[in-house]
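What follows is a set of notes on a single structure, which appears directly below.
Bear in mind these aren't lab numbers, they're just calculated from the coordinates by the rules spelled out. Just so it is clear, the model here is predicted, and its values are computed rather than measured. Please note: Cβ atoms are built from the backbone with ideal geometry, for glycine as well, and neighbour counts cover all protein chains shown.
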Amino acid sequence: MFLTSPLEGLLEHAEKIKECAWAFQQAMECHITDQCERFEEFRKEVDRLESEADVIKRRIRGHLPKGTLMPMDKFELFRYLHEQDNVLDAIEEALDWISFRFEPGIPDALHKDFFLLVDAVMDPVEEMCHMVSEARKYFTNFSDKQRELIKGIIHTLHRQEHEADKVEDEIKAKVLNMQIDPVTVFHMIRLAETIGSLADHAENAGDMMRAMLAR
């Protein structure tokens, strides 16, 4: 029994993640400088988009009955979907972590660093969405040229994740050598790690896509 390619659903889910990432970027710009009163508005927008993405995720999982013929292994598909969804979880976790502390904003000396980190993790999230779009085409025509294009995107994801890691590490080193209170040190390091994990999950999704291509 052949059904519509599950890549249609994966792309819809990825597009929703990209929308979440844009709202996250705006929320972070508000928080970093503490000169914007719309942080909660953007956070609620992320929650709304995450709920919509959950509906798409459940639809993908629930519409693959036993016996469905697909161009990839079902369990690889589900593992990929889980890792792609982890990007959303990281976005929510970062904004929740910010909300736990009443102290507003981020120390002035770290503004530029966190702006750079947010920008660095946006690139792999968008590249992940591009990868799913191209994979949808590949699993329709199985073109070798298309396959090589996707492998190139996966290579780009690895490079972008490495760049994001460097920015994250620079923040950690800087925070640990600042004369600030221990609570702020812990809060800033955990925030940097959580934001950085967006790029980690996007890279992992790329690795799982490579496994699906290799089938």
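Here the dipole of the chain is about 1120 debye; that uses its Cα centre as origin and unit charges on the Cβ of Lys and Arg (positive) and Asp and Glu (negative). Cross-link pairs exceeding 30 Å in C-alpha to C-alpha distance, out of Lys18/Lys74; Lys18/Lys166; Lys16/Lys112; Lys57/Lys112, comprise Lys57/Lys112.
Enumerate by residue number the chymotrypsin sites (Phe, Trp or Tyr not before Pro) in region 119-214 meeting two conditions: DSSP loop (anything except H, G, I, E, B), and at most 14 other Cβ atoms within 10 Å of the site's Cβ. Answer by residue number: Phe142. Report, to the nearest 10°, how far helix 39-62 tilts away from the longest principal axis of the Cα atoms in the chain, using its own Cα long axis and a range of 0 to 90°. With both axes taken from Cα atoms, the answer is about 20 degrees.
Helix 182-213 versus the longest principal axis of the chain: what angle, 0 to 90°, nearest 10, using Cα atoms? Once rounded, the angle reads 10 degrees. With no solvent and one equal point scatterer placed on each C-alpha of the chain, evaluate the Debye formula and give log10 I(q)/I(0) for q = 0.08, 0.09, 0.11, 0.14 Å⁻¹, two decimals. With no solvent term, the Cα-only Debye profile gives -0.31, -0.38, -0.55, -0.83. Dipole orientation for the chain: of the candidates Tyr80, Met28, Leu176, Tyr80 has the Cα lying most toward the positive pole (charges on Cβ; Lys, Arg +1; Asp, Glu -1).
Counted by neighbouring Cβ atoms within 10 Å, the residues Met128, Met212 run from fewest to most as Met212, Met128. Round to the nearest 10 and give me the degree value, 0 to 90, for the angle of helix 144-176's Cα axis relative to the longest principal axis of the chain. Tilt of helix 144-176: around 20 degrees.
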